[in-house]
Structures are given as C-alpha cells and as structure tokens.
Amino acid sequence: MNELSTLAWYPAAEFLEFERINKAYSFDVPAFSVDTSTTDGPKYTQIMNALSEQLQQHVAKANLLISLNEKIPQFDVEVEEMMRIAIGRTQLLLNKRMKQFREHLSRHLKPIPGQKVTKLNDLHALWVLIDMQLDDIRSIFNSIEQFRLRCWAVAEPKAAATAASSGN
C-alpha cells in the first residue's frame, strides 16, 4: 500500500467558504410547475426525469457530506440529522410514490390491452400527492441550504446577527 492511498482527504475550511460564496452546489429544489390544462404524458416524463435526477444528486451529495462529517469541524449533529431526514424522505418519494407515478405514466403513454388505462386526470391527481411530499422535502433541503450558506453552522453567530440587525 503506498502512502497516497492512506491519505485522508477532507475539505478545508477555505474550501467550504469558497463553496459557500460561489454556490458550487446548491441544495435548492426548484418548483416544477404542472398546469393541468397543458401538461400531458410527455411533459410529465420530462418533469419526472428532471426531478428524479436532481433529487438523486441531492441524496448523493448529502451522503458524501455525512461520510465526511467527522472531518468537517463546522458540521453539527443537527445538520447531519437534517440530512438523514432529507435522504430518507427523498428516497421514499423516489422509490414509492414516483415509481408508482412512472408505472401509471407508462400505462397512459403505452396502454396495454386488457389493463386499465391511466387517464390524464389520474396522473394529475397522483402528481398532487407527489407535490405534497415534494413541498416537505423542498423545505428540508432549504434548511440544509441555509446551513451550507453559513459554512454548516447551525445558527449565525450572535455578534454577526446583532450587527446585521443594527445596520452595521
């Protein structure tokens, strides 16, 4: 085993600050607008693919940060707990509700003779359920994003908060 393979790498405080300033990665989850009068099967396919990809990236990034947590001094237990909650709820959405939606979407786009056809109204109703879960996940990832913007500090230091509120 050579020396390089035993080196443990972790992001230095300077890197974390650089990432915060440059928004190298954001945990924001954009709203995916679904207009029931214009959204059809192919549009739902685009939305599902974009949403799935973004959520999977967030889960991977959160898992990576959790694995580095002992090496990031700023990383608090509350941040790790929030990430674990986000990961769990996101995986549940991806593996249950969105899987169910994809199956119905497939039956809508390519009806199988002898099986119940999924109508567009059924897809709209299922999307409402996804959107409710997504609102919760979006809120959690927004909290994580706020931690990230503060270099993983749980709360702003009191001196900085006082100076900001007094206009200094």
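The values are calculated or read from the model by the stated rules, or taken from the named source; none is laboratory data. Keep in mind the model is a prediction, meaning the values are calculated, not measured. Here the Cβ is made from the backbone with ideal geometry for all residues, glycine too, and neighbour counts use every protein chain on show.
Summary of computed values
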| item | result |
| --- | --- |
| Candidate set from the range 129-156 (those that are in contact (Cβ under 8 Å) with a residue 12 or more places away in the chain and of a type in the set (S, T, N, Q)); member that is nearest to SER26 (Cα to Cα) | ASN142 |
| Residue that is farthest from ARG138 (Cα to Cα), among those in the range 75-95 that are over 16 Å from the mean Cα position of the chain (by Cα) and loosely packed, with under 15 Cβ neighbours inside 10 Å | VAL77 |
| Test for LYS99: is it charged (D, E, K, R), under 24 Å from SER33 (Cα atoms) and under 22 Å from the mean Cα position of the chain (by Cα) | yes |
| Among residues of the range 23-53, those that are in a helix (DSSP H, G or I), touching a residue at least 60 places away in the same chain (Cβ under 8 Å) and more than 17 Å from LEU109 (Cβ to Cβ), counted | 1 |
| Residue within the range 15-26 that is at pLDDT 80 or above and either exposed (fewer than 12 other Cβ atoms within 10 Å of the Cβ) or within 23 Å of ASP135 (Cβ to Cβ) (or both) present | yes |
| Which listed residue is among the small types (Gly, Ala, Ser) and either touching an Asp or Glu at 6+ places or on another chain (Cβ under 8 Å) or buried (at least 17 other Cβ atoms within 10 Å of the Cβ) (or both), from ALA153, ALA60 | ALA153 |
